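Below is one structure, written out as structure tokens; comments come after it.
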Amino acid sequence: MSNISWRPETKLIHGGFGPDDKTGATAMPIVQSTAFAYRSAEDIEAVFAGREAGFLYSRIANPTVSAFEARITALEDGLGAIAVSSGMAAVSSLVLALAGSGDEIVAGSSLFGGTYSLFRHTLSRYGIGVRFVHPRNPAAFRDAIGDATRLVFVETIGNPKLDVPDIAAIAAVTRERGVPLVVDSTVTTPLLVQPKRLGADLIVHSTSKFINGHGNAIGGIIIDAGTFDWSSPRFPHLAPFRARVGQFALLAALRNRICRDFGCCLAPFNAFLLNMGIETLGVRMERHCSNAARVAAFLATHPKVAETGYPGLDTHPDHDLANRQFGGRYGALVSIRLGTREPCFRFINSLRLAKNLANLGDTRTLVMHPASTICRDLNATERLAMGVTDDLVRLAVGIEDPADILDDIERGLATL
Ligand SMILES: *Cc1c(COP(=O)(O)O)cnc(C)c1O
């Protein structure tokens, strides 16, 4: 049922799968089955051999999960997608599918904390080197790419720094050097930007955030845009997959090697919650973005706020680029600086509506102090590079009535 002529808001609801053939159910049922039975040994052999399509075991593929993959594939105009247990599973599985011991990756330095920790601390134990470069400097990416580079990784809007890389300019560099460009589009979702149009070869989302939208299921997904030629000499380990499935080589390696062997499968029940949550992503993102724009405008002129970060403000250094790249919408993340750590804590403690927790993309407005929480493992230099000052508060603006969000923030600032 994937109809690529539909517009994104329609694909959210009809893309990838339609009513169930047998029952007419419009909500993709939860196929809560570990394995799938075949009538004959010949039949199951054919599926194991890849001669016939079919489900075998839910660690590798499951109908409820496949429906979610199909919908995201339609939204990103991809070749295919693999849904996994979390956003971090999406990032780590993709790196492990492309890079091995002795290889390197290149990453923009403004990254989600978990991704930074994976790249900075964990990958080196598996022999994978990482070069960090300033995400606003496409030439730095060119300099960092060498023969050992297996991928380049950036986020659409750095979190919590809220800086915006020029994806098309970086894609021009990665194309010239023959390296796939991976874009983490979690905070922009398929509605604010289709990274493929800007030249991304692979897209990852933490679907725990806006795609789920209600703060009730962890998940992640990897999309192959279908633009990179996997016969590249950088990826000899994909040759057997290419021989079997052609341009689906990476997706096959991900599913039948990485996800099968590391076991990072998405549970069918979580896929059900994601399939349901994504249907309202269009209206939610509109409201998230308009509420965040109002919050940012309010904070930008408030005397107690030293600095407000939001790509939608025309004072933001990346405003023009963000405007061009994301079609006049700028997401739900807003940061403020309050001078020192003490007023940050007082502000957070005085909020009643905004919830103090480590998440974003929930219907609820969320607030947190990154330096003492999600970024506490970073050292001083790393924090500085990632824009995590001690006086920074991050708001993930929800979809409540904006007047109530502003009242709450105003009350919090009045205590300072
Ligand atoms: C949350 C997040 C992740 C990690 O996702 P999980 O689902 O929490 O594992 C990765 N990238 C970005 C940009 C995120 O916001």
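The values are calculated or read from the model by the stated rules, or taken from the named source; none is laboratory data. Just so it is clear, the structure is predicted and the values come from calculations on it, not from any experiment. Note: ideal-geometry Cβ built from the backbone for every residue, glycine included; neighbour counts use all protein chains shown.
For beta carbons closer than 9 Å, sequence separation of 6+ or different chains, a first residue in the stretch 192-219 that is part of a strand (DSSP E or B) and buried (at least 24 other Cβ atoms within 10 Å of the Cβ) and a second that is aromatic (F, W, Y) and at pLDDT below 95, the qualifying pairs are S206/F112.
Among the candidates L254, L266, the residue that is within 21 Å of the chain's Cα centre (by Cα), within 17 Å of A97 (Cβ to Cβ) and within 16 Å of the ligand (Cβ to nearest atom) is uniquely L266.
Screening the stretch 391-416 for residues that are of a type in the set (D, E) and buried (at least 17 other Cβ atoms within 10 Å of the Cβ) and picking the one that is nearest to the chain's Cα centre (by Cα) gives D391.
Criterion applied to G100, G108, G87 was being surrounded by fewer than 21 Cβ atoms within 10 Å (Cβ to Cβ), under 28 Å from R150 (Cβ atoms) and at pLDDT 95 or above, and the one residue passing it is G100. Looking at the stretch 359-390 only, could you name the residues that are of a type in the set (S, T, N, Q), more than 22 Å from the chain's Cα centre (by Cα) and either over 22 Å from G108 (Cβ atoms) or within 14 Å of the ligand (Cβ to nearest atom) (or both)? Within the stretch 359-390, S372 is the sole residue that qualifies.
Just one of the numbered conditions (1) among the aliphatic types (A, V, I, L, M); (2) crowded, with 16+ Cβ neighbours inside 10 Å; (3) under 17 Å from L251 (Cα atoms) is not true of A49: (2). Looking only at the stretch 148-158, decide whether some residue is surrounded by 18 or more Cβ atoms within 10 Å (Cβ to Cβ) and more than 25 Å from G331 (Cβ to Cβ). Looking through the stretch 148-158, at least one residue is surrounded by 18 or more Cβ atoms within 10 Å (Cβ to Cβ) and more than 25 Å from G331 (Cβ to Cβ). In this structure, is V106 within 30 Å of T389 (Cβ to Cβ), over 16 Å from the mean Cα position of the chain (by Cα) and of a type in the set (V, I, T)? So V106 passes the test. Of all residues in the stretch 224-240, at least one satisfies being modelled with pLDDT of 95 or more and in a strand (DSSP E or B). When A200, A171 are screened for being away from the ligand (no atom under 16 Å from the Cβ) and farther than 19 Å from D103 by Cα, only A171 passes. Can you confirm whether A172 is touching a Leu at 6+ places or on another chain (Cβ under 6 Å) and surrounded by fewer than 24 Cβ atoms within 10 Å (Cβ to Cβ)? Answer is no for this residue.
For residues that are touching a Phe, Trp or Tyr at 6+ places or on another chain (Cβ under 7 Å) and surrounded by 20 or more Cβ atoms within 10 Å (Cβ to Cβ), scanning just the stretch 11-32, find the one that is nearest to A67 (Cα to Cα). The extreme case among them is M28. The condition (being within 16 Å of the ligand (Cβ to nearest atom), within 18 Å of L254 (Cα to Cα) and of a type in the set (A, V, I, L, M)) is satisfied by just one residue among V193, V182: V182.
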